[in-house]
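Novice: One structure follows; several queries about it will come next.
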Amino acid sequence: MTDTTITPKRTGRIAGIPFLGEAILIALVLAAYFLFPYNLAFLTRILIMVLLVLSLDLVLGFAGIATLGQAAMYGTGAYAAGLFAVHVTGAPLPGLVVGALAGAVLAFISGLVLMRARGLTLIMLTIAVASICHEIANKARDVTGGADGLRGIRMEPVLGLFEFDFIGKTAYWYVFVVVFVVFLLLKRLANAPLGLSLKGLHESPERMAAIGAPVYRRLVLAYTLGGGIAGVAGALAAQVTQLVSLEVYSFNLSAEALIMLILGGTGRLYGAIIGTVIFMTVHHVAAAADPFNWLFLIGLMVLGVVFFLPKGLAHLPTALTRLVRGRT
Amino acid sequence: MSGLKVRGLEKSFGGLTVAQDIHLDLPPGSRTALIGPNGAGKTTFSNLITGILTPGAGEITLDGQDLRALNESQRVKAGVAKTFQITTLFRDLTVRQNLRLAQQERDGRGRAWFRRADSWAEAEDEIDAQLAAFRLKDMSDKRVDDLAYGQQRLVEMAMTLMLKPRVLILDEPAAGVPSSDSHLITDAIEALPEDLAVLIIEHDMKLVFRVARSIIVLVNGAILTQGTPDDIAANQQVRDLYLGGRHHG
């Protein structure tokens, strides 16, 4: 009994300073607001995408559930929130709850089947779920508007106070606050027993079973949580653009979200943010400069990251310090 | 308190019988070794007890509770824990996190999501004590992947013991451990709690004869003979089996 004082290492802190990461995030969001006042719609889209990629990070990065169908929950959240706004009320916050529930319910029901599969089978099944949703939305024209999209969404002011304006100022801050709150909650989760047990599932399901964890039920829980968050992202998209099209279920969306996550680094929340911001910015700039070959640049970037920074861009500072200090 | 009882356990894969009428008693405090040539069905037996495989016939009870209806993780909760033949750990997590994971599942808070995982003070003290007992304290914040194999085996044992099992199955605890480190394993087995029932599946005869108080010899899924280490050492059949002699009948 010599050293009883143990200072627990606070993971998730940058350079040991509490809330430095959060402060930087807020500063960046503020800076972007003033630097690009005419691009707020694009910035809002980035924020929504960050939320979708965060949900994917929870499912794939933490719990290790291989999926290419996160759009299923995103799209369902979008349609649910859109229909809710059309038929019930245009108040944004109840719409978010509806979107979250819709995403979570779909993830739970499909998860009951999906979480029994692994690897390639699982990936194919997740794609299938998104395709089925796409087809249902396409056929149910009377409800969803089919290929024409769901129109007639009229949003009321947020909390009855902040009217959605033409330039998108309200939308920007509204989306940011929602994404930021979810981010903070996820950060709690990542450092809590649940976060640790999800990492355990990722590392070794056999060992998790051998220490008495209900593996299947824990996986369904993770998938459902991720589905709820993806549902919120979809709901935000529906409310802000006031339109839901079949594109919300597209395979492209799931795949791009995955690329953004890999770019930033799986299994770390800041990775999801960094990857999304960089991917979407490069996409935006490169597509404007060269509408035909912009994908080449994205491909090059992904290749570079996969080869030189397999843990993602969020790992860059660590990798650089290691390079400077010499290999350990 | 009767410990683990196995009665008439049978298992076959198609025409291949891998467990045949196995009877076994493992009262608290027992140190029983299960030995036998490759393919004798030792690991199969362990899998039948822990619920990875379902037996074709027979009874498995722990302190009178029927285990057959329970799945793998429920049996762990009931008190049957095992270490794997090939170390199975959370390789990217630290030693401390590995132990913490086992502990939080034992205490039923694996789904808590708001409090930090390391904020249960008593639980952390328990982990410290366990790390000290296995002489792993210096490497508690290292990734498991960065440890030597012998140390990884110790981590696995320390982690499994965090579950506070009644019955512990060690599947080849010394396999793959360099002989210079094998005393670590033997020491750890000898330091196990006295009231724990331990079943050791092992090839290393030196280790078996040092720690076991009774030995069961398994051949082709059936018990060939069982007895004290002295009985087994003197048994002609077993000697033939292990020294490559021709066996009769």
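The values are calculated or read from the model by the stated rules, or taken from the named source; none is laboratory data. From a predicted model like this one, the values you see are computed outputs, not experimental measurements. Here Cβ is always computed from backbone atoms with ideal geometry, including for glycine, and neighbour counts include all displayed protein chains. The accessibility values were calculated without ligands, DNA or RNA, using every heavy atom of the protein model including side chains. Shrake-Rupley method; radii C 1.70, N 1.55, O 1.52, S 1.80 Å.
Novice: Which pairs do you get when a residue that is in a helix (DSSP H, G or I), found in region A:254-267, comes within reach of a residue that is charged (D, E, K, R) and open to solvent by less than 30 Å² (accessible area, probe 1.4 Å), reach meaning Cβ atoms under 8 angstrom, with the pair 6+ apart or on two chains?
Specialist: So the pair list comes out as A:261/A:57.
Novice: Right, something else. Considering only region A:159-193, state which residues are at pLDDT 85 or above, crowded, with 19+ Cβ neighbours inside 10 Å and farther than 30 Å from residue B:111 by Cβ.
Specialist: Across region A:159-193, the qualifying residues are A:168, A:170, A:171, A:172, A:174.
Novice: Here's another thing I want to ask about it. Could you tell me which of the residues B:101, B:34 is within 14 Å of another protein chain (Cβ to nearest Cβ) and modelled with pLDDT of 90 or more?
Specialist: None of the other options fit; the residue is B:101.
Novice: On to the next question. Of everything in region B:176-188, what is open to solvent by 30 Å² or more (accessible area, probe 1.4 Å) and either in a loop (DSSP other than H, G, I, E, B) or among the basic types (Lys, Arg) (or both)? Give them in sequence order.
Specialist: Selection gives B:176, B:178, B:179, B:180, B:181.
Novice: Could you list, in sequence order, all residues of region B:104-130 that are of a type in the set (A, V, I, L, M) and more than 7 Å from chain A (Cβ to nearest Cβ)?
Specialist: B:121, B:123, B:127, B:129 - these are the residues of region B:104-130 that are of a type in the set (A, V, I, L, M) and more than 7 Å from chain A (Cβ to nearest Cβ).
Novice: Only one residue in A:209, A:213 is at the interface with another protein chain (Cβ under 7 Å from one of its Cβ atoms) and open to solvent by less than 10 Å² (accessible area, probe 1.4 Å), so which one is that?
Specialist: A:213
Novice: Among the residues of region A:293-313, count how many are more than 19 Å from residue A:283 (Cβ to Cβ) and assigned to a helix (DSSP H, G or I).
Specialist: Here the count works out to 2.
Novice: Looking only at region A:243-293, how many residues end up being of a type in the set (Phe, Trp, Tyr), open to solvent by less than 60 Å² (accessible area, probe 1.4 Å) and closer than 25 Å to residue A:127 by Cβ?
Specialist: 2
Novice: For region B:59-85, name all the residues that are open to solvent by 20 Å² or more (accessible area, probe 1.4 Å) and more than 10 Å from chain A (Cβ to nearest Cβ).
Specialist: Within region B:59-85, B:59, B:61, B:63, B:64, B:65, B:66, B:68, B:69, B:70, B:85 meet the criteria.
Novice: Ok, one more. Name the helices (runs of 4 or more DSSP H) wholly inside region B:50-164 in which the number of residues that are more than 21 Å from the chain's Cα centre (by Cα) is 3 or more.
Specialist: So the answer is B:121-133.
Novice: Also, quick follow-up: Answer with yes or no whether residue B:145 is facing another protein chain (nearest Cβ under 9 Å), open to solvent by 50 Å² or more (accessible area, probe 1.4 Å) and in contact (Cβ under 8 Å) with a residue 40 or more places away in the chain.
Specialist: no
Novice: Now a separate question. Looking at residue B:95, is it more than 11 Å from every other protein chain (Cβ to nearest Cβ), in contact with a strand residue (DSSP E or B) (Cβ under 9 Å, 6 or more places away or on another chain) and within 26 Å of residue B:74 (Cβ to Cβ)?
Specialist: No; evaluated as a whole, the condition is false for this residue.
Novice: Further, regarding this structure: Just one of the numbered conditions (1) more than 14 Å from every other protein chain (Cβ to nearest Cβ); (2) buried (at least 20 other Cβ atoms within 10 Å of the Cβ); (3) small (Gly, Ala, Ser) is not true of residue A:140; which one?
Specialist: Failing condition for residue A:140: (2).
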